[in-house]
Amino acid sequence: MNKQAIGTRCVQGGYRPGNGEPRQIPIIQSTTFKYATSEDMGKLFDLEASGYFYTRLQNPTSDAVAAKICELEGGTAAMLTSSGMAASFLAVFNLCSCGDHFISSSAIYGGTFNLFAVTLKRMGIEVTFVSPDATEEELQAAFRPETKLVFGETIANPALKVLDIEKFARVAHKNGVPLIIDNTFPTSVNCRPFEWGADIVVHATTKYMDGHGSAVGGAIVDSGKFDWTQYPEKFPGLCTPDESYHGITYTERFGIEGAYITKATAQLMRDLGVTPAPMNAFLLNLGLESLHVRMKRHCESALEVANYLENHEKIGWVTYPGLKSSPDYELAQKYLPDGTCGVVSFGIKGGRAAASEFMKKLNIIAIETHVADARSCCLHPATATHRQLSDEELVACGVGPDLVRLSVGLEDAADLIADIEQALAAI
Ligand SMILES: *Cc1c(COP(=O)(O)O)cnc(C)c1O
């Protein structure tokens, strides 16, 4: 199936019904599954047979959708989670315990930054943030004996920085640890990080994959390429018996293709229960069926809007990695040749007051904290998500007081530009 084009995988991947079975993925809205004997069920609990017993761990609807995302990324195993945050948390916590350390690009989603810097710290897991532009030497300097992984975002939300995935993968592998990539903004349609050396991919499916603002969700995909058994002392959770699962050693039983996701399901889903509702998995699949068509349109319109803004006298600056003037243009051409994403950020001359005035005048583009929706939306972080910060603090974290983040939707680009034009004319 992976030999088929990405668009075909978006439409048909994951679920292949047999004769007389439903054409669309059935919604198995059931918490539990029935068995004839306790012995049958025991085999499932011992992971000796595969099958379903309780939806907190696994559900057929969610698994079919996870299988599609697995095919999109070109991985060997995948799972869905209840949110993008849950996906990032499980992806890291599956490898790190109290006393461990990991390295992350500093250009990441604000929620993930907080998870890493504050919440994981309370669990005894330490992070070192590095610049996405760090040299190999600077990256190397961040490693410690207890470092377990490296993390970054293909296109950072909201900084729109493009990560040099190959460089980060090279340094991670030299130190015997995997690279985890949050591939939310480009989606698997525009970038497949495994092709550039990444080992694990996470998604906030809430964004473009769902694409209609319908269901919060996440996904984790394993490339199956990182050989944990080369570093058994570093990854004891995967390479030594799990006493909470009858002494199973995940790498022995499921191979390097299946160990990571099986452990995350059997151990972390069992204990933390961040599972998606089957109905939400179904809604996500409806989004995935048109992902390749929508991404193309999001990217084309965003480039048109970015070009328009760049040439407008009331606009101070525009950040969009698809623009030739972007410092990340070369990286974007390499990793994202078919398009980047639909999010553009820009600064309005006149700062905080002008930005806020501009947004009030918009008619089609709505004010929301969301991005990556079919409907265009925008946010002024200085008066919303980042309103506690002073202007100096805003500049320090890369979100100036004049910054407007615009998520270009699927409406006609000419209408969006006309909406922006009349709002700019009014300030
Ligand atoms: C939104 C987002 C998340 C978090 O996803 P939720 O589904 O909101 O929990 C993580 N990473 C990126 C890049 C995001 O944009």
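Coordinate-derived values only; no laboratory data. A quick note: this is a predicted structure, and the numbers were derived from the prediction, not measured. Every residue, glycine as well, gets a Cβ built from its backbone with ideal geometry; the counts of neighbours run over all protein chains shown.
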To the nearest Å, what is the center-to-center distance of segment 352-427 and segment 213-277, using C-alpha atoms only?
40
Lysine pair number, Cα distance threshold 26 Å (strictly under), segment 292-425, separation 8 or more or different chains:
10
Rounded to the nearest 0.05, what FRET efficiency is calculated for THR369 and GLU195 with R0 set to 41 Å and r the Cβ-Cβ distance?
0.80
Comparing ALA219, ALA172, ALA36, which has the greatest mean-square fluctuation in the GNM of the chain with Cα pairs linked when under 10 Å apart?
ALA36
List the residues, sorted by chain then number, that are 5 or more residues from VAL127 or on another chain and whose placed amide H is less than 5 Å from its amide H.
PHE102
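Just the number, please: percent antiparallel of the DSSP beta bridges in segment 6-286, rounded to the nearest 5. Numbers along the way, then the final one.
Details: 13 of 28 bridges.
Of those bridges, close to 45 percent are antiparallel.
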Gyration tensor on Cα atoms of segment 171-241, a ≥ b ≥ c root eigenvalues, a/c under 1.5 rounded, else prolate if a/b beats b/c, else oblate, says prolate
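Taking 4 °C and 1.567 mPa s as the conditions, I'd like the Stokes-Einstein D for the chain in µm²/s, using the Kirkwood hydrodynamic radius from alpha carbon pairs. Don't skip to the answer; put the middle values down first.
On the way: Rh = 22.4 Å.
The estimated diffusion coefficient comes to 58 µm²/s.
Averaging sequence separations of C-alpha pairs under 8 Å and six or more residues apart, then dividing by the length of segment 61-183, give the relative contact order as a whole percent. Could the numbers behind the result be given before it?
Numbers: 179 pairs, mean separation 29.0, N = 123.
Dividing the mean separation by the residue count of segment 61-183 yields 24 percent.
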Taking amide H positions as placed in the peptide plane 1.01 Å from N, state which residues far from GLY339 in sequence (5 or more) or on other chains have amide H under 5 Å from it.
none
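What FRET efficiency, computed as 1/(1 + (r/R0)^6) with R0 = 56 Å and r the Cβ-Cβ distance, is obtained for MET41 and GLN388, rounded to the nearest 0.05? Present the calculation step by step, with values, prior to reporting the outcome.
Numbers: r = 52 Å, r/R0 = 0.92.
Approximately 0.60, to the nearest 0.05.
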Protection-proxy order for peptides 276-289, 10-23, each taking the mean of Cβ atoms within 10 Å per residue, highest first
276-289, 10-23
Using a Förster distance of 60 angstrom, determine the FRET efficiency expected from the C-beta separation of THR229 and ALA418, and round it to 0.05.
0.55
Under a cut-off of 14 Å between alpha-carbon atoms, report the aspartates and glutamates in cross-link reach of LYS68, not counting same-chain residues fewer than 8 places apart.
ASP210, ASP222, GLU289
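Give the shape of segment 1-139 as rounded, prolate or oblate, defined through the alpha-carbon gyration tensor: a ≥ b ≥ c are the square roots of its eigenvalues, a/c under 1.5 means rounded, and otherwise the shape is prolate if a/b is larger than b/c and oblate if not. Let's see the in-between values first.
Numbers: a/c = 2.75, a/b = 1.57, b/c = 1.75.
It comes out oblate by the Cα gyration axes.
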Quick check: pseudo-label points 7 Å beyond the Cα along Cα→Cβ at SER325 and GLN12, how many nm apart are they?
4.5
With a cut-off of 11 Å, note down the residues of segment 18-38 whose backbone N falls inside the zone around a label point 7 Å from the Cα of MET279 toward its beta carbon.
29
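Which peptide among 188-201, 298-311 comes first, and what is the full order, when sorted by highest mean count of other Cβ atoms within 10 Å?
Details: 188-201: 24.9, 298-311: 19.9.
Highest to lowest by the protection proxy: 188-201, 298-311.
If you average the sequence gap of Cα pairs under 8 Å that are 6 or more apart and divide by the length of the chain, what percent do you get for the contact order? Don't skip to the answer; put the middle values down first.
Numbers: 857 pairs, mean separation 66.6, N = 427.
Computed value for the chain: 16 percent relative contact order.
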Tell me, what ³J(HN,Hα) does each residue in segment 272-284 have, in order and in whole Hz, if you take phi through Karplus 6.51 cos²θ - 1.76 cosθ + 1.60 with θ = phi - 60° and put x for Gly and Pro?
10, x, 8, 9, x, 6, x, 4, 5, 5, 4, 4, 4
Quick one: what Rg and Dmax do you get for segment 310-411 from the alpha carbons, in Å?
14.0, 38
Starting from the amide H of CYS377, placed 1.01 Å from N in the peptide plane, find each other amide H under 5 Å away whose residue is 5 or more places distant or on another chain.
ALA366, SER407, GLY409
Considering only ILE220, ILE256, ILE315, give the residue with the highest GNM mean-square fluctuation for the chain, with springs between Cα atoms whenever their separation is below 10 Å.
ILE315
